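Just below is one structure, and these are the notes that go with it.
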Amino acid sequence: IDQVMARIIRNRGLETDEQINMYLNGTVDDMHSPHLLKDADKCVDILTDKIQAGKKIHIIGDYDIDGICSTTILYKGLKAAGADVTFAVPDRIIDGYGINEHLIDEAYNNGTDTIITCDNGIAAIEQIKYAKEKGMTVIVTDHHDIPFQRQEDGSISYNLPSAAAVINPKQKDCPYPFENICGAVVVYKFIQVLYDLFGIDRRESEAFLEIAAMATVCDVMPLCDENRIIVKEGLRRIQHTNITGLQALIEANHLEEKKISSYHFGFILGPCINASGRLTSAKDALELLLCEDKEIGRAHV
């Protein structure tokens, strides 16, 4: 490599041969094992029992782009495994951020057995306790910092919600080697574990890479380690994406003939997804990403 590349690598803090090779030549096969995520296998075991028993599973996401992308991946992945699954995203004005009692009551009244959060829930101590008191199982998938309290002696105690399983790479006892992934990548990894157990070819989860890449860029995750691979692969795939809603969004922004870059994720396509949660409802963006008819997709755009 030339001196400029060597300086870039050093400025990125990369020192070992493994780190440098991953930075320069990393592929999807070089990404970390999803089974290293604490509670990922436990979560899949819980959901397997729920799916086989025909229990209703309800996703509660968030109204920003990471939450929308997370909900999309989780919904599609659970559907592929045969789950009876629905979703909800909070209204920015009515509900505010994340899971709350109103959304829990709504899910309970609809016969929900299990709630699974994405891109939220790690700080929802009282809300998750409330859901459990109603007899529901709660699973948290999130990437935000773990709430903590500093004790008088200077030590720190971390407060985790009393969920049946918590998947968050920022847990201190989580062996996952890279904690700086967004919520969409957390659920992408979880779906890989789910597919492994259900005998679904893990390569099928790569259909979510464009969405995970867009969430990574728009949630301003550091572009190192496997984030760099996810964005690189997502950009390569989005030029010929099979996601109907993204096709319609690319078309609406007149990008069909252009080479889509991280700029287009961060400043054109991503903000279009983000805007729905601010102008109307994030459900509009979710329906766009979930639709399979191009004309319906164009109508949502």
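The values are calculated or read from the model by the stated rules, or taken from the named source; none is laboratory data. Keep in mind the model is a prediction, meaning the values are calculated, not measured. Neighbour counts are summed over all protein chains in view; Cβ atoms, including those assigned to glycine, are modelled from backbone coordinates with ideal geometry. Quick note on the areas: whole protein, heavy atoms, side chains included, nothing else; ligands and nucleic acids left out. Shrake-Rupley method; radii C 1.70, N 1.55, O 1.52, S 1.80 Å.
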Next item on the list: Determine the relative contact order of the chain: mean sequence separation of Cα pairs under 8 Å and six or more apart, normalised by residue count, in whole percent.
Entry: 20
Note to self: Please give the charge dipole size of the chain, origin at the Cα centre, charges +1 on K and R Cβ atoms and -1 on D and E Cβ atoms. Round to the nearest 20 debye.
What the structure shows: 280
Note to self: If I take all pairs of Cα atoms in the chain, what percentage of them are more than 36 Å from each other?
What the structure shows: 16
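Using 0.36 nm per residue, how much length does the chain from Glu106 to Lys172 gain when fully extended, once their Cα-Cα distance is taken away?
Contour length minus the Cα-Cα distance gives 20.4 nm.
Please give me the summed charge of the neighbours of Ser276: other residues whose Cβ is under 14 Å from its Cβ, Lys and Arg +1, Asp and Glu -1.
Net charge in that neighbourhood comes out at -3.
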Check: Mean separation of Cα pairs under 8 Å and 6+ residues apart, divided by the residue count of the range 235-301: what relative contact order is that in percent?
Finding: 45
Margin query: For a quick check, take a GNM of the chain with Cα springs below 10 Å and name the residue from Ile156, Ile268, Ile93 with the largest mean-square fluctuation.
Written below: Ile156
Checklist line | Surface share of carbon and sulfur [accessible, 1.4 angstrom probe, percent] for the range 144-301 | finding: 49
Check: If you take the beta carbon distance between Ala252 and Asp91 as r and set R0 to 25 Å, what does 1/(1 + (r/R0)^6) give as a FRET efficiency, to the nearest 0.05?
Finding: 0.55
Item checked: Distance violations [Cα-Cα > 29 Å] among Lys38/Lys294; Lys79/Lys259; Lys56/Lys189; Lys56/Lys232; Lys134/Lys294; Lys129/Lys232 -> Lys38/Lys294; Lys79/Lys259; Lys56/Lys232; Lys134/Lys294; Lys129/Lys232
Note to self: Using the Cα centre of the range 128-245 as origin and beta-carbon charges of +1 (Lys, Arg) and -1 (Asp, Glu), tell me which of Ser205, Tyr176, Thr141 is placed farthest towards the positive end of the dipole.
What the structure shows: Ser205
Margin query: Can you list the DSSP H helices in the chain whose Cα atoms extend at least 30 Å along the helix axis and whose mean Kyte-Doolittle hydropathy is -0.5 or higher?
Written below: none
Notebook entry, point to check: Suppose R0 equals 41 Å; then what is the FRET efficiency for Val220 and Ala53 from their Cβ-Cβ distance, rounded to the nearest 0.05?
Noted result: 0.55
Checklist line | Gaussian network model of the chain, springs between alpha carbon atoms under 10 Å - residue of Phe198, Phe87, Phe148 with greatest fluctuation | finding: Phe148
Checklist line | the chain - accessible surface per residue (Å², probe 1.4 Å) | finding: 47
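Find how much the distance from Glu126 to Asp17 grows on full extension, using 0.36 nm per residue of separation minus their present alpha carbon separation; answer in nm with one decimal. Present the calculation step by step, with values, prior to reporting the outcome.
Values: separation 109, 0.36 × 109 = 39.24 nm, distance 4.58 nm.
Going from the current span to full extension adds 34.7 nm.
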Next item on the list: Just the number, please: Stokes-Einstein D of the range 40-95 in µm²/s, Kirkwood Rh from C-alpha pairs, 37 °C, 0.692 mPa s.
Entry: 273
Notebook entry, point to check: Say we join alpha carbon atoms closer than 10 Å with springs in a Gaussian network model of the chain; which of Lys258, Lys56, Lys283 then has the biggest fluctuation?
Noted result: Lys258
Margin query: Explain nothing, just the number: dipole magnitude of the range 194-271 about its Cα centre with +1 on each Lys and Arg Cβ and -1 on each Asp and Glu Cβ, in debye rounded to the nearest 20.
Written below: 220
Margin query: I'd like the projected area of the range 59-216, averaged over all directions, using the convex hull of its alpha carbons. Report it in nm² with one decimal.
Written below: 10.2
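In the P(r) worked out for the range 1-139, what percent of Cα pairs fall beyond 25 Å? If you can, show how the numbers build up before the last one.
Numbers: 3949 of 9591 pairs.
So the portion of pairs separated by more than 25 Å is 41 percent.
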